[in-house]
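The values are calculated or read from the model by the stated rules, or taken from the named source; none is laboratory data. Computed from a predicted model, the values in this text were never measured in an experiment. Positions of Cβ are generated from backbone atoms using ideal geometry, with glycine treated the same way; all protein chains shown enter the neighbour counts.
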Amino acid sequence: MLVKEILNTDISPLKLTDNVATALMKIELLHSNKFCVVDEEDKVIGMASLEKLIEVVDEESTLDEVELDKPLTVPKDQHLFEASRVMLAKELFLIPVVDEEMYFQGMIKKRDLLSALGDAFNLSSFGSVIAVEMAQGDFTLADLVRIIEMEGVKILGVAVQQPRAENPSYRISFKLNIEDSSAISSSLRRFGYTIISEANSKALENNFSDRADELIRYLDI
């Protein structure tokens, strides 16, 4: 799924002629810490940051008098995974979308991004999720997929969490099209795989809201 598929064109950018008071109001209303600023041609030229705006004594000062941060943008043809990586790294609730020449196209909201990622991984589909842990030297998807599909089960989504300092193993999560994944778990264990979690649709629905932000972190690879 591409950025342009969830583009929000209802949120207008700040202009250099807007004052600090207007910028602070937009940032507060949209629960953001940075907001993009465009020039007279609608090209994104920078980001007005809350940190710098609150230091301005005169809130009637226009943004062309304020130091702006470097622009943080994503191309309209970028994949959602990359947009999520940028938003996570920069702690953004909104990110501007631009064309090849940096002309403003619209915004992506964090909530819309999370919803789109949920669709990409079929999180709203009924089924179950199995998470498998593997040592770095053993990591391969082909064998796991073969074992699962041998049971006549369809894989609706796959997510891979890379090794980190606190957890040196790979963690692979499979979204399956069945409610009861016990047969799959048994098959994987017979082949020596370690199952670290299982959940069916009912449990997933109860936990989806709490885990939405974790999905973004999950994709920070």
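Collect the residues in region 36-59 that are touching a helix residue (DSSP H, G or I) at 6+ places or on another chain (Cβ under 6 Å), over 20 Å from E100 (Cα atoms) and not in a helix (DSSP H, G or I), keeping them in residue-number order.
Matches in region 36-59: A48, V56, E59.
Mind telling me which of the residues G192, G137 ends up being part of a helix (DSSP H, G or I), surrounded by fewer than 12 Cβ atoms within 10 Å (Cβ to Cβ), free of Cβ contacts under 8 Å to residues at least 24 places away in the same chain and not hydrophobic (A, V, I, L, M, F, W, C)? Give the steps one after another, and end with the answer.
On the way: G192 fails: part of a helix (DSSP H, G or I).
From the options G192, G137, the qualifying one is G137.
Could you tell me which numbered condition M1 fails, if it satisfies all but one of (1) buried (at least 17 other Cβ atoms within 10 Å of the Cβ); (2) within 28 Å of D119 (Cβ to Cβ)?
(1)
Report, by residue number, each residue of region 93-134 that is farther than 19 Å from M1 by Cα and not in a loop (DSSP other than H, G, I, E, B).
Answer for region 93-134, where residues must be farther than 19 Å from M1 by Cα and not in a loop (DSSP other than H, G, I, E, B): Y103, F104, S128, V129, I130, A131, V132, E133, M134.
When you scan region 203-210, do you find a residue that is loosely packed, with under 15 Cβ neighbours inside 10 Å, hydroxyl-bearing (S, T, Y), at pLDDT 90 or above and not assigned by TED's automatic domain parsing to the domain that holds E40, even just one?
no
Identify, please: which residue in region 40-92 is free of Cβ contacts under 8 Å to residues at least 24 places away in the same chain and of a type outside the set (A, V, I, L, M, F, W, C) and is, among those, surrounded by the fewest Cβ atoms within 10 Å (Cβ to Cβ)?
Going residue by residue through region 40-92, those that are free of Cβ contacts under 8 Å to residues at least 24 places away in the same chain are 49, 51-52, 55, 57, 65, 67, 82, 86.
Adding the requirement that they be of a type outside the set (A, V, I, L, M, F, W, C) leaves 49, 51-52, 55, 65, 67, 82.
Numbers: S49: 19, E51: 9, K52: 16, E55: 11, E65: 11, E67: 12, E82: 13.
Only one residue fits best here, namely E51.
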